[in-house]
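*Asks:* Attaching a single structure in structure tokens format; questions to follow.
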Amino acid sequence: LVTDVRLRRVLDSRGNPTVEADVRTESGGFGRAKAPSGASTGEYEAIELPVGEAIANARELAIPRLVGEVYAGNQRDIDAALRGADGTDDFSQIGANSAVAISMAAAKAAADVLGAPLFQHLGGTFRGDTFPTPLGNVVGGGEHAADATHIQEFLAAPVGAPSVEEAVFANAAVHAAVGDVLDERGLACGKGDEGAWAPSIEDEQAFDIVSEATEIVEDDVGFEIGIGLDIAGAELYDAEEGVYRYGETVRETDEQLAYIAELVDEHDLVYVEDPIDEDDFEGYAELTARVGTETLVCGDDLFVTNVDRLERGIEMGAANSILIKPNQIGTLSDTVDAVERARRNGYDPVISHRSGETEDTTIAHLAVATDAPFIKTGAVGGERTAKLNELIRIEHNA
Ligand code: PGA
Ligand code: ZN
């Protein structure tokens, strides 16, 4: 039985305040979790409230429905209490930031009671012996860095790696190799919010540099490293004019679709996320039919971890993969429902961090528990390596 829930304001990786939740149980269980935060957030995400408001409202409305009322081990009851306390579809009363922190902290408290690692409590007992492949952000711009690439994320995808450990180190090596190539070309630069290099170059040149870096590392490690992208198309889309803007370059929707298909072809892309606007299910269906057998076409802002939006995508054949971010929907139960709905319909779930992160490692456990084929959680930087190192520990049964 939950005996205590505490909420506080702590720092995230951007230096912004976020919600931390502690959950304690009668049998001595303890769990602590923190909410992440997006910058290129989808229009249909659950609502992140200002932290003070989120904490005050959750204290008033949610904590009385949890303490002495529900068992931490019954995740559905915990999450139903959060939904009941909030009373809206998008957590605009207590904030998805309070909700997700409490939901994840309760799961950790339940795992603690069992003396089991979180992934096992979340359903990992019957998983196979496969591990998620980490997608590592190595060059980026968009909403994550000023004056850098238009495409938000260029991702290393070490699809041939024999282990998580080798994949994680391969991504870090690609990140380092990109840094070297940038130096050589006189393009030394800083990093964006997720730790990716943020050079002030055109996307075309970024492809060139990332290809060079992945080839260098591939030769070294001896397994295949592909390239993936998060276009964050909704951020490039000018809804008024109905066009995609890459600085001076403007593309109509059909030109955008052709451009993405061309990029997939030219660079053998393993993965392409949010290639177009979050409202364009038809465009997604068209692109998926065109490129989607070998390449994951992943909906992030399109689906926002929401089973209703996913269902619409499934009916239309829009995308073949879904990005999974617990704070987009607000509870672990809803998150796992989205993963399972995706799975049953042949959509690959990709578990993901946010651009604003913390040292919380819940998503590493979620990826292992749900046997997700990919996890996107950066390549370097403490809030990213927190998850990557946790994956290595899980792989080593540590
Ligand atoms: P965000 O970016 O966390 O800023 O939304 C990550 C993504 O778009 O995948
Ligand atoms: Zn995205």
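The values are calculated or read from the model by the stated rules, or taken from the named source; none is laboratory data. Computed from a prediction, not measured in an experiment: that's the story for all the values here. No Cβ is skipped: glycine too gets one built from the backbone with ideal geometry, and neighbour counts run over all protein chains shown. To get the accessible areas, we keep the full protein, side chains included, count just its heavy atoms, and leave off ligands, DNA and RNA. Shrake-Rupley method; radii C 1.70, N 1.55, O 1.52, S 1.80 Å.
*Asks:* Using a Förster distance of 25 angstrom, determine the FRET efficiency expected from the C-beta separation of Asp268 and Ser200, and round it to 0.05.
*Replies:* On the way: r = 27 Å, r/R0 = 1.06.
Computed FRET efficiency for Asp268 and Ser200: 0.40.
*Asks:* Could you give me the ³J(HN,Hα) list for the range 357-366, computed from phi with Karplus coefficients 6.51, -1.76, 1.60 and θ = phi - 60°, whole Hz, x at Gly and Pro?
*Replies:* 10, 9, 7, 4, 10, 3, 5, 5, 5, 4
*Asks:* Figure the gain on full extension for Glu215 and Asp308 (residue separation times 0.36 nm, minus the Cα-Cα span) and round it to one decimal in nm.
*Replies:* Details: separation 93, 0.36 × 93 = 33.48 nm, distance 4.04 nm.
Going from the current span to full extension adds 29.4 nm.
*Asks:* Another question about this same structure. Quick one: of Lys108/Lys325; Lys325/Lys387; Lys108/Lys376, which pairs are farther than 19 Å apart, Cα to Cα?
*Replies:* On the way: Lys108/Lys325 17 Å; Lys325/Lys387 14 Å; Lys108/Lys376 21 Å.
Checking Cα-Cα distances, Lys108/Lys376 exceed 19 Å.
*Asks:* Remind me, what semi-axes does the range 268-364 give for its equivalent ellipsoid, largest first in whole Å, using sqrt of 5 times each Cα gyration tensor eigenvalue? Working shown, then result.
*Replies:* Details: eigenvalues 95, 42, 28 Å².
Listed largest to smallest, the semi-axes of the range 268-364 are 22, 14, 12 Å.
*Asks:* Å³ per residue of the Cα convex hull, for the range 44-167? Mind showing how you got there, number by number?
*Replies:* Details: hull volume 19.5 nm³, N = 124.
Normalising the Cα hull of the range 44-167 by residue number yields 157 Å³.
*Asks:* Given labels modelled 7 Å from the Cα in the Cβ direction, how far is it in nm from Phe126 to Ala289?
*Replies:* 3.7
*Asks:* Grab the other residues whose beta carbon is less than 13 angstrom from that of Ser13, score K and R as +1, D and E as -1, and report the net.
*Replies:* Working: positive: Arg14, Lys34, Lys191, Arg354, Arg384, Lys387; negative: Asp12, Asp193, Glu194, Glu357, Glu359, Asp360, Glu383.
Net local charge, Ser13 excluded: -1.
*Asks:* Picking from Thr88, Ala206, Val297, whose Cα lies most toward the positive end of the charge dipole for the chain (charges on Cβ: Lys, Arg +1; Asp, Glu -1)?
*Replies:* Value: Thr88.
*Asks:* Okay, next question. Carbon and sulfur: what percent of the range 281-390's accessible surface (1.4 Å probe)?
*Replies:* Numbers: 1320 of 3080 Å².
Solvent-exposed carbon and sulfur of the range 281-390 make up 43 percent of the total.
*Asks:* Around Val368, what is the net charge, scoring Lys/Arg as +1 and Asp/Glu as -1 over all other residues with Cβ under 13 Å from its Cβ? Mind showing how you got there, number by number?
*Replies:* Numbers: positive: Arg127, Lys387, Arg393; negative: Asp129, Asp371, Glu390, Glu395.
It works out to a net charge of -1.
*Asks:* Over 23 Å, how big is the tail of the calculated P(r) for the range 137-274, in percent of all Cα pairs?
*Replies:* 32
*Asks:* Moving on to the next point. Estimate the FRET efficiency between Ala398 and Arg245 by the formula 1/(1 + (r/R0)^6), using the beta-carbon distance for r and 41 Å for R0, to the nearest 0.05.
*Replies:* Values: r = 47 Å, r/R0 = 1.15.
Between Ala398 and Arg245 the formula returns 0.30.
*Asks:* Next up: Given that compact globular proteins tend to follow 2.2 N^0.38 Å, what is the ratio of the alpha-carbon Rg of the chain to that value? Can you show the working numbers first?
*Replies:* Details: Rg = 20.3 Å, N = 398, 2.2 N^0.38 = 21.4 Å.
For the chain, the normalised Cα radius of gyration comes out at 0.95.
*Asks:* Taking only protein heavy atoms into account and a 1.4 Å probe, give the accessible area per residue of the range 202-344 in Å².
*Replies:* Values: 5810 Å² over 143 residues.
Counting only protein heavy atoms, the per-residue value for the range 202-344 is 41 Å².
*Asks:* Right, something else. Using the Karplus curve 6.51 cos²θ - 1.76 cosθ + 1.60 with θ = phi - 60°, work out ³J(HN,Hα) for each residue of the range 47-59 in order, rounded to whole Hz, and write x for Gly and Pro.
*Replies:* In residue order, the calculated couplings are 8, 8, 8, x, 4, x, 5, 4, 5, 4, 5, 5, 4 Hz.
*Asks:* Read phi for every residue in the range 2-14 and hand back ³J(HN,Hα) as whole Hz from Karplus 6.51 cos²θ - 1.76 cosθ + 1.60, θ = phi - 60°, with x for Gly and Pro.
*Replies:* Going residue by residue, I get 5, 10, 7, 10, 10, 10, 8, 8, 10, 7, 9, 5, 8 Hz, with x marking Gly and Pro.
*Asks:* If you put +1 on each Lys and Arg Cβ and -1 on each Asp and Glu Cβ, how big is the dipole of the chain around its Cα centre, in Debye rounded to 20? The partial results should precede the final answer.
*Replies:* Values: 29 positive and 76 negative charges, 504 e Å.
It works out to roughly 2420 debye.
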